[in-house]
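S.K.: Could you have a look at this structure, given as structure tokens, before my questions?
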Amino acid sequence: MANKQVRIWAVGLSGTAVSLLIVMLLVSYAFPVLASPRLQGTDYPTMTPPSVEVDTVAVEEVGGNADPVVFTGEKDGEVIFGDTSVVSHYPDGATFTVTIETEQELDQVTLFIRYPHGSGTRVPAGRGDGENEWVAVLYDTSDQPPWQRMDFFWRAIDLAGNSVETTPQNYVYSDPTRVWYRAANDQLELYWFGQDEDFAQVVMNGMAAVQERWLLGFGEPLSFRPIAVVFSDADTFGEFSNAGAAGNSRRAGFTSNDLGMTVQRFQELGFISSCPRNPSPVEQTTEWLYNYMTEVITHEVTHLYQFDKNVGGPTWFIEGGATWFSLNSVRAGTGLRDHTEGQDIPTLQGTGPGGGGNIPNGCNAPGYWMGASFIQWIYGQYSMEGIAQWFDLISRNTRMDDALIAVTGKSLAELEPEWRAYLGYNPQPFIPPTEAYQFPPTVTPFGQ
């Protein structure tokens, strides 16, 4: 996970522009060629985000009350479904109540839930106190974040086995305990509290700045609109977790592919870091905080792209890729060059580096730094066309090594020494003899 940009379109991309870009990419894939190396030498290419400002973002207040949300009922043949009333008890779930009138005796009633990415769940309903009333409780434990967006529908089956279903309707699991801010456009639905309304403008500007690269790299937009939820601090973040605030004191957040959302918390200002790339406590301003959280959100949305487009691989590829596509260009830049003679970094081969440990300059999470740097190096050598071809092959279940050979003509074992020498390390990495040179067959879980 996560815990954690050539400007063409300044305010996001219109449907026409997106379609044109996708057609261009598809045409390029129809005539695959081996990408030609470019940008040789000592200049290290840096993906600096463009300065993009979208139109003024509208912000509204949501949450803060436990009033029922009522959805219109419908009739299916001789079965009449009354209005559905939904009451949020966050963090302890939500109650769905419906009346069902029919001459047949009902055997079972079930509430079905479908999330943005297509996953879902079901909840058996029981008899309510009122006549013909059925009640289903979604999330009867406090381990689910607020502001999940879902479609729901009812299914009723009588004793003869006849089944009827209602038309899906959209519900958002709200937080009745406090007022939140909400802002949304085609790229993101954003919820937060504890910071000013200005936060939304910074985030949406950042999303627009990265949009071009997402489209070039992954070939098409997400199949759904992602949701980002940002809590004010560790205490409130811990409300919906069984671990509580204490258990989440060092946890920044998580991303769920099933829910199509990322849940984070604002970093406390004034923290002390041993990484020289992080600002000192006195340099940590609200402006820095908003930019930092935008980096986190774009990183996490990249994870949703990876899952949505089936672009998976080892930890360094997943986390490094999310870092490279985000607004955080530092880790894709010169950070790995901050070392003295004799210092080294792990090999990318085998399982490769993960999130634990440090790189020579003292910054943590080698997988993030090394993955972003290697992808940046491939970009510098083979352009965005090479990145897109690489990702496209992986999305069609091509092995990492085979995909690299198709794009560069070289395997990872041949490319790694060149990349290491470029960074100033011994070209030949140390590979433990007991560690087989292979890649996991399944995608590294996101949000972990």
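S.K.: May I ask you to list pairs of residues, at least six apart or on different chains, whose Cβ atoms are under 6 Å apart, with the first in region 304-327 being at pLDDT below 95 and the second being among the acidic types (Asp, Glu)?
M.R.: Ser326/Glu295; Leu327/Glu295
S.K.: Also, I was wondering about something else. The conditions are (1) part of a helix (DSSP H, G or I); (2) over 28 Å from the mean Cα position of the chain (by Cα), and Ile157 fails exactly one of them. Which is it?
M.R.: (1)
S.K.: Same structure again: Anything in region 55-85 that is of a type in the set (A, V, I, L, M, F, W, C), under 30 Å from Met207 (Cα atoms) and out of contact with any helix residue (DSSP H, G or I) (no Cβ under 6 Å at 6 or more places or on another chain)? List them, or say none.
M.R.: Ala58, Val62
S.K.: Can you give me the ranges of the strands (runs of 3 or more DSSP E) entirely in region 162-222 with at least 1 residues that are surrounded by fewer than 16 Cβ atoms within 10 Å (Cβ to Cβ)?
M.R.: On the way: elements: 163-165, 169-173, 179-184, 189-192.
Counting at least 1 such residues, we get 163-165, 169-173, 179-184.
S.K.: Could you tell me which of the residues Leu393, Leu415 is in the same structural domain as Asn328 (by TED's automatic domain parsing), modelled with pLDDT of 95 or more and either charged (D, E, K, R) or out of contact with any Ser or Thr (no Cβ under 7 Å at 6 or more places or on another chain) (or both)? Give the derivation first.
M.R.: Values: Leu415 fails: either charged (D, E, K, R) or out of contact with any Ser or Thr (no Cβ under 7 Å at 6 or more places or on another chain) (or both).
Just one listed residue meets the conditions, Leu393.
S.K.: Right, something else. When only residues in region 102-149 that are part of a loop (DSSP other than H, G, I, E, B) and β-branched (Val, Ile, Thr) count, which is nearest to Val86 (Cα to Cα)? Outline the logic, then answer.
M.R.: Of region 102-149, the ones part of a loop (DSSP other than H, G, I, E, B) are 102-105, 115-119, 125, 128-132, 139-147.
Checking which are β-branched (Val, Ile, Thr) leaves us with 102, 141.
Values: Thr102: 22, Thr141: 17 Å.
Result: Thr141.
S.K.: Can you tell me which residue in region 90-115 is farthest from Gly63 (Cα to Cα), limited to those that are surrounded by fewer than 17 Cβ atoms within 10 Å (Cβ to Cβ) and under 27 Å from the mean Cα position of the chain (by Cα)?
M.R.: Arg114
S.K.: List the number of the failed condition for Gly386; all other conditions in (1) modelled with pLDDT under 95; (2) buried (at least 21 other Cβ atoms within 10 Å of the Cβ); (3) in a helix (DSSP H, G or I) hold.
M.R.: (1)
S.K.: I've got another one for you. Report yes if Leu289 is at pLDDT below 90, outside any loop (DSSP other than H, G, I, E, B) and either in the same structural domain as Arg265 (by TED's automatic domain parsing) or under 23 Å from Ile272 (Cα atoms) (or both), otherwise no.
M.R.: no
S.K.: Look at Pro360 and say whether it is in contact with a His (Cβ under 8 Å, 6 or more places away or on another chain) and in the same structural domain as Arg213 (by TED's automatic domain parsing).
M.R.: Values: in contact with a His (Cβ under 8 Å, 6 or more places away or on another chain): yes; in the same structural domain as Arg213 (by TED's automatic domain parsing): yes.
Taking the combined requirement at face value, the residue satisfies it.
S.K.: Also: Output the number of residues of region 238-260 satisfying the condition of being in contact with a helix residue (DSSP H, G or I) (Cβ under 7 Å, 6 or more places away or on another chain), modelled with pLDDT of 85 or more and farther than 21 Å from Pro226 by Cβ.
M.R.: Within region 238-260, residues that are in contact with a helix residue (DSSP H, G or I) (Cβ under 7 Å, 6 or more places away or on another chain), modelled with pLDDT of 85 or more and farther than 21 Å from Pro226 by Cβ number 1.
The values are calculated or read from the model by the stated rules, or taken from the named source; none is laboratory data. On a predicted model such as this, the values are computed, not experimentally measured, just so you know. Because the Cβ atoms are built from the backbone with ideal geometry, glycine has one as well, and the counts that use them run over all protein chains shown.
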